[in-house]
Amino acid sequence: MNSAYNPPFEHDAHIGSFAPLVEEPVVRFQNLTKTYRMDRVQVTALANVSGVIAKAETTFVTGPSGSGKSTLLNIIGMLDQPSSGTLTILDQDVSRLSDRDAADFRARHIGFVFQSFNLIPVLSLRENVEFPLLNRKIASRARRAKAMEYLDAVGLAEFVDRRPGEISGGQRQRVAIARALVTEPTMVIADEPTANLDTKTSRDIIALLDRMKSELSTSIVICTHDTSLITPASAVINIVDGQTAQE
Amino acid sequence: MIWTIALRNVVKNARRSLTTGLAIGVGGLAALLFAGFVTSIWYGVQTSMIQQQGNLQVYRNGYLEFGAANPDEYTIKDWDRVVSLLAADPMLAEELAVITPRIDLAGVAGNAETGNSKTFIGSGVVPAEIDAMSGWDGWQIGQVTPASGLAGGGPDSVIVGVGMARMMGLCGALNVADCSDRPVDAADLAGEEQDFSALVAEESGLADQSLGNDQPQLNLMAATSSGVPNIARVVIEAAEPQAIRAVDNAFVMMHFEQARSLLYGDSQEATALMLQVANPERVDAVKTRVAEVLDQAGLDLGVYHFTEVDPTFDRIFGMFTFMFIVVSAVLAIVIVFTIVNTISMTVVERVKEIGTIRALGFRKGFVRALFLTESVIIGMIGAAIALGSAVVLSNLVNASGLQWTPPSNATPLTVQLMVLDNPVFTAAVVGALVFLAMLAAVLPTFKAANLNIVESLQRA
Ligand SMILES: Nc1ncnc2c1ncn2[C@@H]1O[C@H](COP(=O)(O)OP(=O)(O)O)[C@@H](O)[C@H]1O
Ligand SMILES: [Mg+2]
C-alpha cells in the first residue's frame, strides 16, 4: 500500500501546485495560560505559551510527561478554554466561544485522533467514519461513499463492515484517522496517537498522517513524548513545565 | 444513525435492557389488566343497570328531590298518554326499545299462616316489558340478566327478596336455597296474637278469598293516594336475592296493575317511566328529544339519565378509577426509578464515548437525543411485553369464568377483562409507558450531555 498507492482525492489546488513559501498560519495562540485550582493549591498547567500552527504542515508538540502538552492541545482543539490568553483559528478569535458555537466550529474545522482510538464500538468501521458527517447536510448515499473513500485511503477498504473490536490497534487508529479526515478539516489534533501502539505501527501511523496532510493540505498537530517519531521538515513546539522551551 | 447506535447498545446490553423492559412490562401489565377490569365494570355495571332500569327515566319534576317524602304528590298522571306521546315521535319510536311504567310503593306485608308481618318496599312493573329490558346488550358484551320470573305467575303474583322471605318465615314454603326459617314453637304460634294486617284483611273480607293454589301468600297493605289504607292479597311466586341487604329484607315486586289499583284505584298514575334506548351511543340525543317532547306538550315532567337517579354506577366506577390511578401512580414511580437506574448505568459506562462524540463537534442535544432514544426503545420493549402478556393473561382469565358481584348486583357477573376492547385507553397505557421512559431519561441524559469533554476523554 506504500508504493502503488493512488490518491483518491481531487484537491488539485494543493496537490502539485506551488504554494507560497510562507503561508499564513491557520492557528495563532498568544499567552495561553491554564490554571487548575485543587483544594487550596493552584496548579499552573500552562504558562504564557504562544505560537502558531502553519497551514498544511505537521507540528509536533513534545515535552516530558506532565509538562502541559495535552492541556495545550485541548485548548487548541477547542475542547477546553484557557484561563487567559487568546486563540485565533482562521483569523477568528475562538477563545471564548459558547459550548454550542465551539461544537459547531469543531465540527467544521477540527478533527481528532485519540490515544486510545475512541471508535464507537457498536458501529461498523464504515459507520464510524460516516459518523462525523451527520453534522453535515449530506445525503446518506453520499455520506456512505465518502466514508468508503477515506477507509480506502487508509488501506482498510476490505474491512468496512467489521466492528472496531474485530481489528488490531494499528487498524483502529487508521479508522480513527479516516474519521478525523472525512470532514476535510482545517486541522487534525492527535494527542499521543501512538502511545498504545508498537514502534513499527507507530511509525506507520505517523507516516500516514504526514502523507494525508500533504494530500489534503490539512494541518496536523501531533503531541508525543517520543522524539524519535518526529519527521523531518516538521515544526516542533517543545514544552517544559508548562512553558515553551527554546529548541 | 442515532437509532442504529441506540438500538445496538440496547441489544449489546441485552440482559439489562430485558430486565428493565420486564419491569416496565410487568408494571404495564398490571395497569392494563386493571384497566381491563375497570373497562369491564364500565360496560358490565352499566349494562346491568340499563337492563334493570333503562337508560333514561321520566319523573314528575321535583320527584327526585321531594318525592320520597310524599310520593303521591309527585306521580305521573295519565302515564299511558305520556307513553303514547313519546311513542308517537318518529325519532323516539325508532330509538326507544322499551317504554314501561313503574310504581314505587311501601307498606306493611303480613302472612296469615306464619303470623309474621313487617314493612315492605316494592315496585310494580309490567313483567313482559321488564323482561324485554333485561335482554338489552347494547355494547354486545354478552351479559345476561335472568328474567324476573314475574311473567310466569298470574296478575296477583309477586317476587320477594330472600331476606324478606326469611323474615316472613317462608323459606321452607318457597324452597329457597341457603335460607332457613327462625325456629318457632308451635305452641307459641297458636297463642300469639293475630298479625294486624291479617286483621285488616279479615275485615275487608279478603281472608276468605282463596287464590286457588297452595303457594304462600302475602297481604300487602299500603296507603292510597287519599290516605286510606288499602290491601291486596298476593301470591309469592319466588324469592330472589336483591343487591342491597336492606332492600332484600323488605323487597316485594308485583305486577304494575296490582300496585296501581292498590294505590290509585282507577286513576292512571305511575311513579316513573323507564326508557330503554337500543343504541347506548344515542342516549344523550334521545334524552334531549324526550325533554323537548315533554316540554312541547306542557307536561310537568323531567327526563333523567339513570346515573342521575341512582349514583351507584358513578360511585362504583369512581372508586375503581381512583384505585386505578393510585396503582398506576405507584407503578409509574417504580418504572421511572428502574429506567433512571438503567440509563444512568449506560451513561457511566459510555462517558468516554460521550466525550468523543462531543469532541467530534456534536452538540449537547445530540448526546441527549442518543440516550433518550435508547430509553424510548427500552420503553417500547416494555410496552410490547405489557401488551402481549396482557392479551394472553386476560384471555386466560376470561376463559376461566371467574366471577365477581359488583355492588349494584345481586347475582355475580363473569369477569371479562377488556384489554383490547378499549383501544384508545390501551393505546394510552402503551403511550404512557413510552412517555415514562422518556421522562425518566431526562435527568440522566442531561447529566450525560453536560459532562466536561476533557474529563470524559481522560476516562479509561
Ligand atoms: N483537570 C486537572 N486538574 C488539575 N490538574 C490538572 C488537570 N489536568 C491536568 N492537570 C495538571 O496539569 C499538568 C499538565 O498536564 P498535561 O497537560 O496532561 O501534561 P502532558 O499531556 O504533557 O503529560 C500536570 O501537572 C497535570 O497534573
Ligand atoms: Mg498528555
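Some notes on this structure:
- Candidate set: the range A:101-120, residues that are among the aliphatic types (A, V, I, L, M) and over 21 Å from A:Pro193 (Cβ atoms); chosen: the one nearest to the other protein chains (Cβ to nearest Cβ): A:Ala103
- Of the helices (runs of 4 or more DSSP H) lying entirely inside the range A:69-154, those containing at least 1 residues that are basic (Lys, Arg) and more than 16 Å from ligand 1 (Cβ to nearest atom) are A:99-109, A:125-130, A:140-153.
- The listed residue being open to solvent by less than 20 Å² (accessible area, probe 1.4 Å) and within 12 Å of chain B (Cβ to nearest Cβ), out of A:Leu156, A:Leu151, A:Leu123, A:Leu134: A:Leu123
- Being out of contact with any strand residue (DSSP E or B) (no Cβ under 7 Å at 6 or more places or on another chain), modelled with pLDDT under 95 and assigned by TED's automatic domain parsing to the domain that holds B:Asn9 is a property that B:Val334 has.
- Yes/no for B:Asp104 being of a type in the set (D, E, K, R), open to solvent by less than 60 Å² (accessible area, probe 1.4 Å) and not in a strand (DSSP E or B): no
- Exactly one residue out of B:Asn55, B:Asn111 is outside the structural domain of B:Gln217 (by TED's automatic domain parsing) and touching a strand residue (DSSP E or B) at 6+ places or on another chain (Cβ under 8 Å): that is B:Asn55.
- Spans of helices (runs of 4 or more DSSP H) in the range B:293-398 with at least 1 residues more than 32 Å from the chain's Cα centre (by Cα): B:312-349, B:351-359
- Those residues of the range B:412-453 which are part of a helix (DSSP H, G or I), surrounded by fewer than 17 Cβ atoms within 10 Å (Cβ to Cβ) and within 14 Å of chain A (Cβ to nearest Cβ), in sequence order: B:Phe446
- Some residue of the range A:177-189 being touching a residue at least 12 places away in the same chain (Cβ under 8 Å), within 16 Å of ligand 2 (Cβ to nearest atom) and touching a Cys at 6+ places or on another chain (Cβ under 9 Å): yes
- Yes/no for A:Thr44 being assigned to a helix (DSSP H, G or I) and within 12 Å of ligand 1 (Cβ to nearest atom): no
- Identity of the residue in the range A:159-171, more than 13 Å from chain B (Cβ to nearest Cβ) and open to solvent by less than 20 Å² (accessible area, probe 1.4 Å), that ends up farthest from ligand 1 (Cβ to nearest atom): A:Val160
- Of the listed requirements (1) under 21 Å from A:Ser219 (Cβ atoms); (2) more than 16 Å from ligand 2 (Cβ to nearest atom); (3) modelled with pLDDT of 95 or more; (4) not hydroxyl-bearing (Ser, Thr, Tyr), A:Val122 misses just one: (1).
- Test result for A:Thr35, away from chain B (no Cβ under 12 Å), within 16 Å of ligand 1 (Cβ to nearest atom) and open to solvent by less than 10 Å² (accessible area, probe 1.4 Å): no
- Whichever residue in the range A:38-73 is open to solvent by 80 Å² or more (accessible area, probe 1.4 Å) and touching a residue at least 40 places away in the same chain (Cβ under 8 Å) and, among such residues, is farthest from ligand 2 (Cβ to nearest atom): A:Asn48
- 2 or more residues open to solvent by 40 Å² or more (accessible area, probe 1.4 Å) and within 14 Å of ligand 1 (Cβ to nearest atom): qualifying strands (runs of 3 or more DSSP E) within the range A:172-247: A:243-245
The values are calculated or read from the model by the stated rules, or taken from the named source; none is laboratory data. Not measured: the values here are computed from a predicted model. In this analysis, Cβ positions are derived from the backbone assuming ideal geometry, glycine residues included, and neighbour counts consider all displayed protein chains. What goes into the accessible areas is simple: the full protein's heavy atoms, side chains included, and nothing from ligands, DNA or RNA. Shrake-Rupley method; radii C 1.70, N 1.55, O 1.52, S 1.80 Å.
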